[in-house]
Structures are given as C-alpha cells and as structure tokens.
Amino acid sequence: MAKTPKEQPPEKLTGITITKLPKTAVGVKAIQSALSHVTKEVGVKKGIQLLANINQIKGFDCPGCAWPDPDEKRAFLAEYCENGAKAVAEEATKNKVSPLFFATHSVEELSELSDYEIGKSGRITHPMYLPEGKNHYEEISWKEAFNMIGDELNALENPDEAVFYTSGRTSNEAAFLYQLFVRQFGTNNLPDCSNMCHESSGAALSETLGIGKGSVTLDDFNHADLVIVIGQNPGTNHPRMLTALSETKKRGGKIITINPLPEVGLMSYKDPQNPLKWIGSGQQLTDLFLQVKINGDVALLKIILKLMKEEELKNPGSVFNHQFIKEKTAGINAMLKDLDNYSIQELLPQTGLSIEIIKKAAELIINNEKIIFCWAMGLTQHKNAVDNIRELVNILLLKGSIGKKGAGTCPVRGHSNVQGDRTMGIWEKPKDPFLDNLEKEFHFKAPRKHGFDVVNAIEAMHQKKVKVFFGMGGNFISATPDTVYTATALRNCNLTVQVSTKLNRSHLITGKKALILPCLGRTEKDIQATGEQFVSVENSMGIVHQSKGTLPACAKDLLSEPAIVAGVAKATLKDTSTDWTYLISNYDFIRDKIEATIPGFKNYNKRVRIKGGFYLPNNARDNNFTPTKTGSANFSLNTPSDIGLANNQFMMMTIRTHDQYNTTIYGLNDRYRGILNERRVVLMNKEDIAALGLKKLDLVDLTSHFNNEKRIAKGFLVIPYNIPKQCTATYFPEANVLVPLKNTAKISNTPASKTIIITIDKR
Ligand SMILES: Nc1nc2c(c(=O)[nH]1)N[C@H]1C(S)=C(S)[C@@H](COP(=O)(O)OP(=O)(O)OC[C@H]3O[C@@H](n4cnc5c(=O)[nH]c(N)nc54)[C@H](O)[C@@H]3O)O[C@H]1N2
Ligand SMILES: Nc1nc2c(c(=O)[nH]1)N[C@H]1C(S)=C(S)[C@@H](COP(=O)(O)OP(=O)(O)OC[C@H]3O[C@@H](n4cnc5c(=O)[nH]c(N)nc54)[C@H](O)[C@@H]3O)O[C@H]1N2
Ligand SMILES: [Mo]
C-alpha cells in the first residue's frame, strides 16, 4: 500500500544569508539575475532567441503578469523585465519529466521535495495515469485518458458533482471552449484563480462603477498628477509598471505608496531600457510613503475622506467636483453622513500612522484632479477587502477622478490572462444574457444554477459532494488556503485531472485515480489541422491581442489546451451538436464563435491581427456608469477592520518573494528584501522580537487562530524587518497551511490570506 504523500513542503531549512537591502530596483543586477536564470534553464542561444520574442508584436505574450505593453515603442529586448525572463525560462527549461522519471520516482518520494525542487524537475512530456492504490504514475494514451474522464464524468449522478478549475494563463480560445464544454456537460462549477485574487476588485467595482475591470489605459500614466499605489509590490510582481510610474514622475506627477513594507522597487528604480541610467543612484519613485499597518487601509482612507470633507466644508467647491457628483453619481449624502460615525482619534491607531503624514496625503489628493489608484493583493485578500476598494472609489468619485485622461481605477491583475478568462465566461456566477447567447449559438440548455467558487469547491469535495476535480492549469493544492483540509478534499475525489506544463504538488495530492495531461506552453508553436495557430489574451487594461509561440514543442506528445478540451468534450458529451474537431482545426473558428456570443468582439479575427490588438469596451473609461443598479456611479458605506488582536497575537500577511511565480519557485532569493537562500522566514518588527524574548534567526513555530481552531506551521526563522508593530509577513505557499478556509472576504469570498492572526513560539 502506498504511503500518503506530503501536502506541504518539508520543514527543512536551506541556509539563509541576510544582505543589506539594495537601494534601487532593476538596473544591471536585474539583468544579470535574469540572464543567469535563463542560461541555467535553457542555454545561451535559445535564451537570447526567447528574450527577443517576449511581448514583441509578433512574439508571445509574457506569461509573467498582466501589465500591458506600450502600444508603439518596443525595445529589442522587448519590454524587458527580470521576472518575465524568469517566467519564460521556467517554461522553456531543458529539464523533462518523462515516463521514465515517474517510473523511477514514486509520488510519495516526490512529495518529500520542496516546491522549488519539484518545479525544477521540468516539463511533463506524456499523458500520465496514477491508478488507485499505486504510487507511480504510468504512461497512458491520450485516447484512453479522454475516455477515462468521459466515463467518470458520465457515471456521476449529477453534473454538479464535478468541478472545473482554471488558472489565469489559459488563452481566450481555450477558456471559451472549456466553459462551453463544462456548460454543455451541465454545470457552472467553474472556480478559478480569480476567486483567490482580484474577485474583491470585481465585486467592488461592478457595484460602484458598473464594470468589474479597471478603467485606466497605459497612456493615463503619462497624464496623471497623482498615482497612489496601495497594497501592491510592482517591483517584483509587475516590474514593467515601474516604467509607467517613472513616466508619471518625469511629467511632474507625484506618487504616494501605501504599504506595510517599504518595497524597494517602489522607492527607487533604474530604467532597464536605458543603460545610461544603470549607474548612479536611480530615480526616486515614491514621494510620500505611508507605512500602514496590515488591514489599516479602510481606516486610513476614511481619515482622508474626513479630511477632504472638512476642507470642502471650509472652502466649498475647493475639493469636491460638484458637477461630476451631480451628473454621474448616487449616494453622496449617505456616504458623507456615515463619515460622522467615525472619529479620527478612533481610526488612527488602526493605521499605525501619524495624522501629519495622512494630512500630507490628503493634501495631495485635494490639490490634484487626475488621480489613479493602483492596487493588488494587499487590498483584495482581507475580510473587508471589498470595503477597501469601494472606499478608494469614494475618493475618486468625490474628485471626479474617473472617466477622464490621467485618472481612474487600476486593479493590477496577476495572471497574464486572468481577465480574459473571465471575459470568456470562466465564472461560477454567469449572467443570464451570456448564457442566453451560448444557448442560441450552440443549441443546448445551459445550466442556470450558480456553481462553486474555489472555497466552496474545496468544501464540497471535503463533504464528498464533488467527486471529480479537473484543473486547467494552476496548482490547486498549493495555491489554495488550509493545505491540510484541502488535501483531504482532493483525496476524497474519485478522479483528479491536471492539465499542466510543469510538475507541481497538485500532481502528488490526488483523488483515488489521477491523470496528468501535459500541454503546450505560451512560448511554443501550436500546430493544428490547418497549420500554425496563434491565441489571444486580454491584459489588465482590457486590450485583446495575439500571442504566438516561437519554439518547437518541448515534446512531441503535447497537445494544446484547446485540443485537450475538444478531446475531453468528444469523449464526454453524447449529444453535442458542436463540432469540436472543426473548431480546433483553426482557432479563427473559435474566435468566430466568441464574436457571436460575447459583446465587444466584433470583427475579432480581423482586429486581433492588427498590430497591438484592440481595446474592449469599458463604460467607466467612457464616463458612463449606467450599467450599475442605480444607473449612476455609487458612493458606498464601508467598515474598517473589526479584528482585535490579543497582546501576544500578530497579524500575518502571506506575500511573494522576488524569486517565485505564485507556487512556482524560480529560486530561493528575495533579493529586494535582502533575504537569500531561505523561504521559511517570518518578518517581524524589532521591538516585537525583543518583547517576545526572541532574537534574529531564532527558530519559531507559527500558530494561526480562527474561531476556536488552531493551525500550526513549524520551523520558521525570525527576521528583524522594517514592518509596523504587531505585523508579520511570511511567504506564500509555505504559510498557506495557516490560512483558514472559512476566513474569507465578505461578498467576494476570497480567502483573507493577508489577515491571519498568529502567535509565535520559540522552538
Ligand atoms: N514575479 C512575479 N510576478 C507576479 C506574481 C508572482 O508570484 N511573481 N504573481 C502574479 C499574481 S497571480 C498576482 S495576483 C500579482 C500579485 O502582486 P502583489 O499583490 O504585488 O503581490 P503580493 O506579494 O501578494 O504583495 C502584496 C503587497 O501588498 C502589501 N500588503 C499586504 N497587506 C497589506 C495591507 O493590508 N495593506 C496594504 N496597503 N498593503 C498590504 C505587501 O506588503 C506587498 O507589498 O502578481 C502577479 N505577478
Ligand atoms: N496564502 C496565499 N495564497 C495565495 C495567494 C497569496 O497571496 N497568499 N495568492 C493567490 C493568487 S493571487 C492566485 S492568482 C493563486 C494562483 O493559483 P494558481 O494559478 O492555481 O497557481 P500557479 O502557481 O500560478 O500555477 C502554476 C502551475 O500552472 C501550470 N502552468 C503554467 N503554465 C501553464 C500553461 O500555459 N497551461 C497550463 N495548463 N498549465 C500551466 C504549471 O504546471 C505550474 O506548476 O494563488 C492564490 N493563493
Ligand atoms: Mo493572482
């Protein structure tokens, strides 16, 4: 009988080095670091070929993040970015995971490796099958694999007993076909990584502005007076955004940063596109840094709103944009009145800031009109995450800072096509008009009952209500909260299927039976019956454009994601009238169907071939808020955090290092934070360390507290760091075991992975 594989990386420490914090981000060091990753993974020649093709008009879309490319100017090394280069190197690696690899390594043995080591094993080359009770994957043919999935799905009592997860790299074409198959099969169980990511932004923005996406374009950064970057670390996670921020600065705009950590990338930066600037001290980006406490953002924004109101009462017309408010918005009086329910005195301790520095921020907001708010996971992964985002919308609405050049909302998306996947219908809560269109075009009855999101899917698997899990990309066990609980949930399934490029822990924590279906990556040529294909993706600013791989497939048995969906659909659906073989023979045919069912894609095949792609319609950008329930942009009432910490408790946020892509660990260095060769660390304030009687590099165990439940993660090194008191930081995914499944954001149900209450015990 096989032993149970480990759902978590081992506790093993790797030999930490602590360095001084670098003074600037990017510059020569970044180029060196990228080149070393690329040459290690793919060699010099292929490396240069790859780097020259990232984000070029005719190349592939960088799988690194969803930040847009400039419409016109692109340098030879494209929109060069260290972490983009690492993402590409990771996919194009020479290392292969072959049937022989699986024959010589048991699942249990592989699970003892760290996530870093698992990922470095390489690209999966053949479809693989793990039979019940066995500890080694075996090779299986595509036909047998598809039939097994079809049989298992058709044996369910109800289509709602299966869930179909998507990670955000899947192309528009693959995502559209996938949701079509899932809905023809009969369920809306389409959870996706968005549920753990920007779902809170979508919820807040739809309610207040009538569109779940951001409103700004890249060009708006050239016109903004003030950019506020809140809850985001672009130096690591969206490095190309630093170029846009630097443009804002060059044109005299100001930048406010709101973050518990002084992230190096936001503080100072050297333009990688301009070698003359690689030497010297770099450009200072942030003008005003507010080192807020974790989850103190609503309190902070509320104080700013109160200061704005106060000033407006003193000098009517000096702060608020009355014309905009009158013509375009609803609910201002209730919002202003609600501010009286809070006093600055009471709000201030939650922020950890002085009133003087908040006044400086308020002044910048009061004195400028073209304001952009940028944010990411620092706002979306809290219990009151939707409040965070609605509160910043309140500020923009008071100023009329939306729907005009140089102003608006900028939720910076994570995965490179996470926004496109949602546009294509990857959503557990589809709207009726979308389903109506699908029914009309494809002649079937679409399910109307809303499906499971990520958290509810885990719950349902745990309760054995769901028996088949299908993952289109991603790494479900490591990306989701509550690792131990989620592992039980996955193990309860009869069959788990992963469509993947690289080996990850989700291939090791499986249902009774498991399949791995290896697919082509972004960087690779996709050849179908009518020849070479390209796919399309939508970036964070709603531009749809082409992506075309340039490398030969890393193994001959790989299929594209659309071909895998077609294979599963044909093996599962008995009476489908959709011609799946025809649709995948030429992706233009899939795009024709997208055009027929989804608004904004008129002349898709023609426009996607235009250099740089095309913008999707965006009502907020056009200063039109009629799609909201009231027909106007809505002010909202929001509540600060209600979490109280006991004396010995700390707030913990789980964040990314500079050397990872979500659960893919590129390396062990967090260079910009000066922490090298170790991931099991807890960043703490010096005074807190002293108060606990601890010292630098002590080994501690972390316990999280939720309701009356406790979760433990063992073996972390204490790192003194510039972080507010009672705040701590650990890295995702090592700390996910501490994130309680039910500790989620109101409305969006996003796991609150940045507000975990912990206690810290010395070993
Ligand atoms: N290289 C690289 N690029 C990536 C990714 C990656 O892993 N690696 N992941 C991609 C994905 S899917 C996403 S969603 C994005 C993630 O991009 P980010 O959201 O930038 O990623 P996180 O590391 O989660 O960082 C959150 C930031 O918010 C701050 N923060 C945490 N809590 C709070 C709070 O309560 N208030 C405020 N104001 N700030 C807070 C943290 O200090 C940190 O700087 O990046 C995408 N791009
Ligand atoms: N504690 C904590 N948890 C978090 C977060 C956090 O900040 N803190 N962040 C959350 C966020 S924002 C997100 S988006 C999720 C991420 O959740 P996921 O998207 O599920 O995770 P990834 O690590 O991005 O997935 C990596 C795997 O995707 C596969 N892959 C890569 N490229 C392709 C491809 O082109 N096609 C296919 N089919 N597979 C591919 C590879 O096998 C790789 O191992 O994690 C969430 N979890
Ligand atoms: Mo994300």
Å² per residue, accessible surface of the range 412-522 at 1.4 Å: 29
Within the set K143/K429; K12/K513; K686/K714, which residue pairs have Cα atoms separated by over 25 Å? K143/K429; K12/K513
Using a 7 Å offset from the Cα along the Cα-to-Cβ direction at both K512 and K12, what is the distance between the two label points in nm, to one decimal? 3.4
Can you give me the Cα centroid spacing of the range 217-253 and the range 75-152 in angstrom? 37
Based on alpha-carbon centroids, what's the gap between the range 678-718 and the range 153-212 in Å, whole number please? 36
Among K464/K762; K464/K548; K20/K611; K20/K45; K46/K611, which pairs are too far apart, with a Cα-Cα distance over 32 Å? K464/K762; K464/K548; K20/K611; K20/K45
Calculate the dipole size of the chain relative to its Cα centre from +1 charges on Lys and Arg beta carbons and -1 charges on Asp and Glu beta carbons; express the result in debye to the nearest 20. 1240
Which loop trypsin sites (Lys or Arg not before Pro) in the range 595-638, with loop taken from DSSP, have no more than 15 other Cβ atoms within 10 angstrom of their Cβ? K602, R609, K611, K629
For the chain, give me every cysteine whose Cβ has no other Cys Cβ within less than 4.7 Å, ordered by residue number. C62, C65, C81, C193, C197, C493, C519, C554, C727
Counting heavy atoms of the protein chains only and a 1.4 Å probe, report the per residue accessible area for the range 650-762 as a whole number of Å². 32
Report the equivalent ellipsoid semi-axes for the range 199-411 in whole Å, largest first, defined as the square roots of five times the eigenvalues of the gyration tensor built from alpha carbon atoms. 27, 19, 17
Within the chain, which is the longest segment that contains none of the GluC sites (Glu not before Pro) sitting in a DSSP loop with at most 10 other Cβ atoms within 10 Å? 158-763
Please compare each pair in K302/K449; K29/K250; K6/K556 to a cut-off of 27 Å on the Cα-Cα distance and tell me which ones are over it. K302/K449; K6/K556
How much area per residue is accessible in the range 199-411 when the probe is 1.4 Å and only protein heavy atoms are counted (Å²)? 33
For the range 424-522, state which trypsin sites (Lys or Arg not before Pro) are in a DSSP loop and have at most 13 other beta carbons lying within 10 Å of their beta carbon. K431, K445, R448, K449, K464
Cα gyration tensor, the chain - rounded (a/c under 1.5), prolate or oblate: rounded
The percentage of the accessible area of the range 650-762 (probe 1.4 Å, all protein chains present) made up of carbon and sulfur atoms, to the nearest whole number, is 50
Mean separation of Cα pairs under 8 Å and 6+ residues apart, divided by the residue count of the chain: what relative contact order is that in percent? 22
Taking all protein chains as present, what is the carbon and sulfur share of the accessible area of the range 491-577, in % to the nearest whole number, probe 1.4 Å? 50
Given the candidates L396, N367, M308, the one whose Cα lies deepest towards the positive end of the charge dipole of the range 199-411, counting +1 at each Lys or Arg C-beta and -1 at each Asp or Glu C-beta, is N367
Can you list the aspartates and glutamates whose alpha carbon is less than 17 Å from that of K306, not counting same-chain residues fewer than 8 positions off? D297, D338, D340, E346, E356, E363, D387, E391
How many percent of the accessible area of the range 236-382 is carbon or sulfur, using a 1.4 Å probe? 51
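The values are calculated or read from the model by the stated rules, or taken from the named source; none is laboratory data. Everything numeric here is computed off the predicted structure, so don't read it as measured data. Backbone-built Cβ (ideal geometry, glycine too); neighbour counts: all protein chains shown. These accessible areas exclude ligands, DNA and RNA; they are computed on the full protein's heavy atoms, side chains included. Shrake-Rupley method; radii C 1.70, N 1.55, O 1.52, S 1.80 Å.
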